[in-house]
Amino acid sequence: MTIIFFLILANFLGSLPAYAKNSDQYLLSQAYFEDKSNSLSISQIEQKEFIPYQEALTGGYKTGTFWLKLKIAANSQPLILKIRPVFIEEIELFDSALPQQKPLVGNKYPWKASDIEAVSYNFELAPRPAEREIYLRIKSVRSYLVNAEVMPLAQYQKSDRQELLVYAAYSTLTLLIALWLLISWVLHRELVLGIFAAQQIFAFLHTSLHGGIFKILFDDYFDPIRMNSFFSFLVVTYPLFGILANKFLLRDYGLKKSFNAVFNLLLFFSSLIITLNFLTNQPLTFNLNSLLVFITISFFLISSLFGVDINQSTLKADALPINVLRIFYFFNLALWTIAIFSLQGWLPGGDLALHSLHIYSMVSGLVFFFLLQYRAKALLKIESSRTMALKSEADHERKQREEQSMLMAMLSHEIKTPLSVLKLVVDEKVSGSDLEGHANRAVNNINFIIERCLQLGKIDAKSTQVHKKTFRLDDFINNLLYQFKTQSYTSLTCHENPIVHTDQDILRIIVSNILENAIKYSPKASQIYIETSAQDINGTPGVHVQFINDVGSMGAPDPQHVFKKYYRNSSATKISGSGLGLYLVYELMQLIGGLVSYQFQQNKVIFKLWIPS
């Protein structure tokens, strides 16, 4: 498709000099006059002195009306007056050889208003045995870039077919690029691709309107004035997407703050121009817009040269080397200089000036398509490498956790065996002495630490199995209180029949850890209160459990750190502990789908559990 398109474009551009040479046979001279008052009639204009010009008129952005005086050679057959580009809003022909005035043509008028239905505006000129002068009145809020040619009908039809083929090929190409970018954005959800996709959609609409394709296809369905207004909107909105897209693209290369601020300023001015277009459709709007485009394109190149810090670039910058981007921006600036200078009237007109916007859009769109395609493939390669590295790192961490877990299990087993022997010796040899209580507590503390380390290893290795079943929570808690031998100073209150559906072994670890904390850190022989009640959360039934105890001499836990691994109150270092109990409570509650929270109020420590039922 790309090769075919370039062959069509090359053939079309190569044929332009031949058409221009043939046109010179029938169009003997051209001159213009600017009516700044916008009020002169044809009889008044005929008395004015006109300024000669060659090839295309480049009048720039003016508020007045331009009149063209064309000297037509004698002709024995009908000739066609061809006028380009199609964004000219209003064209009126004054020809003394015509029996009656022809309808006005232009972007504000129906496509069929021209004598021949074609891409360009045209008038049929009647045969005349002698030379004659005809006049064109041209009014437009856009640039007065006007090219007039005169040729026989057969030659006109041939040139029109070639133009139509080029514009159709280019419209198709821009649509394909837009669709590719849109699909790429849907697949990758990358911001830069999304903005460039939006910009390319605008480029497709702009091309279809600028080349006349849209008007040919939809002339019967849309009002010409509304189509003209929509075209104006596209012209002033297109730079906004270009600024946004290139700003985010250059951010990947470490765009400096000062340059980022200039980009924001350009976005602000672009928004003002869009607003101005809605408020007043005047040449000033399009003049400012063309100047903004030139400044913006220049700033893209300057930013790529001096406004990026490669040391601050992201991984995405590796997908498209900055030097490639700089070459592209330089190429962009060269093409836009020809286009903008011609639109402003700073360069003499010619076929290159007339087609510079199309050539720019065609070539730059295609080049940037390949650049973004290369960038997307490189990004995919980078992401794949990154994913592989992360997977390798995750596998390494998992292996380390497994080895840690195996080491902990082995050590625990090796410690528990002599610990059991030690407990037997203590029970036999120290029984009845003052040391019995201290010895047993020391053995039990070591045992608790080992159990918690084993549980922690299972959680880290994600190997804890959950086996849920339904049971009464009050019976479950009473059994634990009996094992802890705390019935005398523990009060259990059940407001309703508490039924839960969860893993009994995991819940035993959770409640045991909370009870152990309450016993350890509350004043000696103080009351511990346990309350249960039914509670639904987000429509899920469950049981709410509160553990309340007074604050002991060690103080209350810090709410910000209470469930963190290895956290211990600074005052609690005199008491044996691992700092793992409440961390295990939090992790295990997550595992069974429950909730846990902590409060400190009115000198009371309160732990709350919610268990699904």
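From Leu165, Leu181, grab the single residue that is crowded, with 22+ Cβ neighbours inside 10 Å and not in a loop (DSSP other than H, G, I, E, B). Residue meeting the stated conditions: Leu181. With respect to the conditions (1) touching a residue at least 60 places away in the same chain (Cβ under 8 Å); (2) over 30 Å from Phe233 (Cβ atoms); (3) surrounded by fewer than 22 Cβ atoms within 10 Å (Cβ to Cβ), Gly60 falls short on a single one, namely (2).
Pairs linking a residue in region 184-196 that is hydroxyl-bearing (Ser, Thr, Tyr) to a residue that is at pLDDT 80 or above, with Cβ atoms under 8 Å and 6 or more positions apart or on different chains, are Ser184/Ala197. Of the residues that sit in region 103-160 and are of a type in the set (D, E, K, R) and over 24 Å from Thr58 (Cβ atoms), which one is least open to solvent (accessible area, probe 1.4 Å)? Selected residue: Arg132. Checking each residue in region 247-290 for being polar (S, T, N, Q), at pLDDT 90 or above and open to solvent by less than 60 Å² (accessible area, probe 1.4 Å) picks out Asn260, Ser270, Ser271, Asn277, Thr285, Asn287, Asn289, Ser290. Would you mind stating whether Ala148 is assigned to a helix (DSSP H, G or I) and touching a residue at least 12 places away in the same chain (Cβ under 8 Å)? No: the conditions fail for Ala148. In the condition set (1) open to solvent by less than 20 Å² (accessible area, probe 1.4 Å); (2) closer than 25 Å to Phe248 by Cα; (3) touching a Leu at 6+ places or on another chain (Cβ under 9 Å), His188 is compliant with all but (1). If the condition is being closer than 17 Å to Arg137 by Cβ, in contact (Cβ under 8 Å) with a residue 60 or more places away in the chain and not aliphatic (A, V, I, L, M), then region 42-57 contributes Glu46, Tyr53. Restricting attention to region 97-109, the residues that are under 16 Å from Ser140 (Cα atoms) and not aromatic (Phe, Trp, Tyr) add up to 5.
Check whether at least one residue in region 550-562 is at positive phi and in contact with a helix residue (DSSP H, G or I) (Cβ under 7 Å, 6 or more places away or on another chain), and report yes or no. Yes, region 550-562 contains a residue that is at positive phi and in contact with a helix residue (DSSP H, G or I) (Cβ under 7 Å, 6 or more places away or on another chain). Looking at the structure I just gave you, is Asn228 among the polar types (S, T, N, Q), out of contact with any strand residue (DSSP E or B) (no Cβ under 7 Å at 6 or more places or on another chain) and modelled with pLDDT under 90? Spelling it out, Asn228 is indeed among the polar types (S, T, N, Q), out of contact with any strand residue (DSSP E or B) (no Cβ under 7 Å at 6 or more places or on another chain) and modelled with pLDDT under 90. Among (1) closer than 22 Å to Ser43 by Cβ; (2) open to solvent by 10 Å² or more (accessible area, probe 1.4 Å), where does Leu93 come up short? Only one criterion in (1) closer than 22 Å to Ser43 by Cβ; (2) open to solvent by 10 Å² or more (accessible area, probe 1.4 Å) is unmet by Leu93, namely (2). Only one of the numbered conditions (1) over 25 Å from Asp503 (Cα atoms); (2) open to solvent by 30 Å² or more (accessible area, probe 1.4 Å); (3) hydroxyl-bearing (Ser, Thr, Tyr) is not met by Ser526, and that is (2).
The values are calculated or read from the model by the stated rules, or taken from the named source; none is laboratory data. Fair warning: this is a prediction, and the values are worked out from it, not measured in the lab. Cβ: placed from backbone, ideal geometry, glycine included. Neighbour counts: every protein chain shown. Side chains are part of the model used for accessible areas, which takes the heavy atoms of the whole protein and leaves out ligands, DNA and RNA. Shrake-Rupley method; radii C 1.70, N 1.55, O 1.52, S 1.80 Å.
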